[in-house]
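So the structure is just underneath, and the comments pick up after that.
The values are calculated or read from the model by the stated rules, or taken from the named source; none is laboratory data. Bear in mind the structure is a predicted one, so any value in this text is a computation, not a measurement. So basically every Cβ, Gly included, is an ideal-geometry build from the backbone, and we count neighbours across all protein chains shown. Ligands, DNA and RNA are stripped out before the accessible areas are found, and what is left, the full protein with its side chains, is counted by its heavy atoms. Shrake-Rupley method; radii C 1.70, N 1.55, O 1.52, S 1.80 Å.
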Amino acid sequence: MTLTSSPDIAPAPRRAIPRPTAGLIGIIGVGAALGFGNFAAALVSPSSSPFLAVGDTVIRFSPEPLTEFAKTTFGTADKPILLSGMAVVIALVAAAAGLASRRRPDPGVTMIAVLGLAGTAAVVLGPAFRPVGVVAPLVALVVGVASFLHLHRLARTPSRSAPHAADGTRSRVIGRRGLLIGAVAVAALAAGGASLLLGGGIAQARQAVTDRLARAGLVEKAPAIPVDADFAADGTPTFLTRNADFYRIDTALQVPQLSSDDWELRIHGMVGRETTLTFDDLMARPLVERTVTMTCVSNPIGGDLVSTANFVGIDLRDLLRDVGVRPAADQIFTTSVDGWYTGTPTDVVMEPDRGAMLAVGMNGEALPPEHGFPVRMLVPGLYGYVSACKWIVDMELTTFGARRGYWLERGWAQKAPIKTQSRIDRPAGFASVPAGRVTCAGIAWSQPTGVGRVEVRMDGGPWRDATLTTLVNGRTWRMWKIDFDLRPGSHTVQTRATDAAGRTQVEGRADPIPDGASGWPATIFNVT
Ligand SMILES: Nc1nc2c(c(=O)[nH]1)N[C@H]1C(S)=C(S)[C@@H](COP(=O)(O)O)O[C@H]1N2
Ligand SMILES: [Mo]
């Protein structure tokens, strides 16, 4: 390469780029790759962001104990934490490659090419790959290499304005301002691409569905929630969980952007009549509204992976009866647009009172993107990982022998009814409360039967019956509270719930894996 910045100056022999500049050039080159890659993905195919695809791959191949640790330790923050960690590692690699390129650009170019190819591979081998998906990682690769080479060239070009050393060979230091502007532009682009990826695309389609649901008639309406359905004033959650507060669990790093206009559900396999349902087909069926408490199998004792909402959608049993299920099909295998998959026992879904649904609405609006817009499955009384496929696009009637769900492959149980549970919300663990009358309060659930009784004991004393809220229905949680008169000192409160059929919550402690946590919760607190 011959590079002269100006014909009237003889090319000076070029020296190494100063270290800080070299590192920064590496970072900006990679930043440009990521920013443009995200941006291209947002425009072309949301699932093809090379950065997010690498993250998805990390998740898919993480050993089960690690994902479980991340889920329980970081909760919903697990994904931002993973992405931030990846960003830090990539920035370090980029800076190192930049430093190695003080004279020749080859190490930096190689690094960007390797990262770009890794991103391309992650996209191409990802579960939701379509051929247009290669555009974004290739844009990232080309833009990354080009910006790196350009900056490298600038940095190595002797500057006319720079004071010349005695030998006249001082390399040009790119203006700090120029670099800063470049870095900010790259960051803005990356952020812009990310926000487009994470939301903009389907807002209109969602609003249209919300409006449509507001006009639609319901053949089954959920009874109004009684005002005394919770003890929120005493520390329990409100009966209905706001959509923004509803717990969220899935393997998707980026929320799938699937418009209701593009949505189709193929129902096939061991069925009488293979069927493809469009969103209009779904909305043309009788719509039902049901109040349901959902729970994640990973919820530890005392955990908050449990929430309640009013869901609107169609009755899944009715739909399957219309399609016709062959008797041998013991598994309903569902797949999401992002490639996640699970299997649900057919016999449970076909129970007349189970209330299994394909849901499109949640608490008066279209499903939020994070909760499966446009359509998700829902089976009251089964943990989400075996029943609640979000962004559902495929339903195959098959057998448990033929196919295994995503979490089954990772050691979780095939059949997973939600275990009867109770939780102590007040007092909080290690809280200090004034002596005298102390109110203890919390929640309990036992779907689909419903909670019939919650007993509470203090410091290993006799079990006492707590006051319960009105039972809304067997598919939902129920709140409890009880007062104790307590002296100063350390105290331990413990609960156990019993379902409406008289079965009491299991005392023995079990971890969430393989089929849900068990054990009577206990909270230690101080009376002062
Ligand atoms: N597509 C998809 N659907 C999914 C999952 C997932 O990872 N991907 N996770 C399941 C699990 S483990 C649970 S507990 C519920 C959680 O639903 P929510 O996020 O709406 O609360 O979704 C289920 N459906
Ligand atoms: Mo879950």
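Of GLU507, GLU455, all but one fail to be assigned to a loop (DSSP other than H, G, I, E, B), over 24 Å from ASP353 (Cα atoms) and out of contact with any Ser or Thr (no Cβ under 6 Å at 6 or more places or on another chain); the exception is GLU507. Among the residues making up the stretch 465-483, a single one is out of contact with any helix residue (DSSP H, G or I) (no Cβ under 8 Å at 6 or more places or on another chain), open to solvent by 20 Å² or more (accessible area, probe 1.4 Å) and over 17 Å from ALA500 (Cα atoms): ASP483.
One line per residue, one yes/no per condition, for (1) without any contact (Cβ under 8 Å) to a residue 60 or more places away in the chain; (2) in contact with a Lys or Arg (Cβ under 6 Å, 6 or more places away or on another chain); (3) more than 23 Å from THR399 (Cβ to Cβ):
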position: LEU265; (1), (2), (3): no, no, no
position: GLU274; (1), (2), (3): yes, no, no
position: ALA284; (1), (2), (3): yes, no, yes
position: GLY302; (1), (2), (3): no, yes, yes
position: VAL306; (1), (2), (3): no, no, yes
position: ALA309; (1), (2), (3): no, no, yes
position: ASP322; (1), (2), (3): yes, no, no
position: ARG354; (1), (2), (3): no, no, no
position: GLY361; (1), (2), (3): no, no, yes
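Against the condition part of a strand (DSSP E or B), away from ligand 2 (no atom under 16 Å from the Cβ) and closer than 30 Å to PHE69 by Cβ, how does PHE311 come out, does it pass? Walk me through it before giving the result.
On the way: part of a strand (DSSP E or B): yes; away from ligand 2 (no atom under 16 Å from the Cβ): yes; closer than 30 Å to PHE69 by Cβ: no.
Answer is no for this residue.
Within the stretch 31-44, is even one residue within 21 Å of LEU117 (Cβ to Cβ), crowded, with 19+ Cβ neighbours inside 10 Å and within 17 Å of the chain's Cα centre (by Cα)? No, the stretch 31-44 contains no residue that is within 21 Å of LEU117 (Cβ to Cβ), crowded, with 19+ Cβ neighbours inside 10 Å and within 17 Å of the chain's Cα centre (by Cα).
Can you find a residue that is over 26 Å from VAL219 (Cα atoms), crowded, with 24+ Cβ neighbours inside 10 Å and within 11 Å of ligand 1 (Cβ to nearest atom) anywhere in the stretch 373-383? Spell out the reasoning first.
Taking the stretch 373-383 first, the residues over 26 Å from VAL219 (Cα atoms) are 383.
Among the residues that remain, those that are also crowded, with 24+ Cβ neighbours inside 10 Å are: 383.
With the extra rule that they be within 11 Å of ligand 1 (Cβ to nearest atom), the set shrinks to 383.
Checked the stretch 373-383: at least one residue is over 26 Å from VAL219 (Cα atoms), crowded, with 24+ Cβ neighbours inside 10 Å and within 11 Å of ligand 1 (Cβ to nearest atom).
Scan the stretch 407-425 residue by residue and report those that are within 15 Å of ligand 1 (Cβ to nearest atom) and in a strand (DSSP E or B). Residues satisfying the conditions are PRO417, GLN421.
Open to solvent by less than 20 Å² (accessible area, probe 1.4 Å) and closer than 20 Å to VAL288 by Cα: is that true of MET395 in this structure?
Details: open to solvent by less than 20 Å² (accessible area, probe 1.4 Å): yes; closer than 20 Å to VAL288 by Cα: no.
For MET395, the condition - open to solvent by less than 20 Å² (accessible area, probe 1.4 Å) and closer than 20 Å to VAL288 by Cα - is not met.
Filtering the stretch 290-322 to residues that are away from ligand 1 (no atom under 13 Å from the Cβ) and open to solvent by 10 Å² or more (accessible area, probe 1.4 Å) leaves ARG290, PRO300, ILE301, GLY302, ASN310, VAL312, ASP315, ARG317, ASP318, ARG321, ASP322. Among the candidates LEU277, LEU282, the residue that is more than 16 Å from ligand 2 (Cβ to nearest atom), surrounded by 19 or more Cβ atoms within 10 Å (Cβ to Cβ) and not in a helix (DSSP H, G or I) is uniquely LEU277. Quick check on ILE17: is it more than 29 Å from the chain's Cα centre (by Cα), at pLDDT 75 or above and part of a helix (DSSP H, G or I)? Criteria not met by ILE17.
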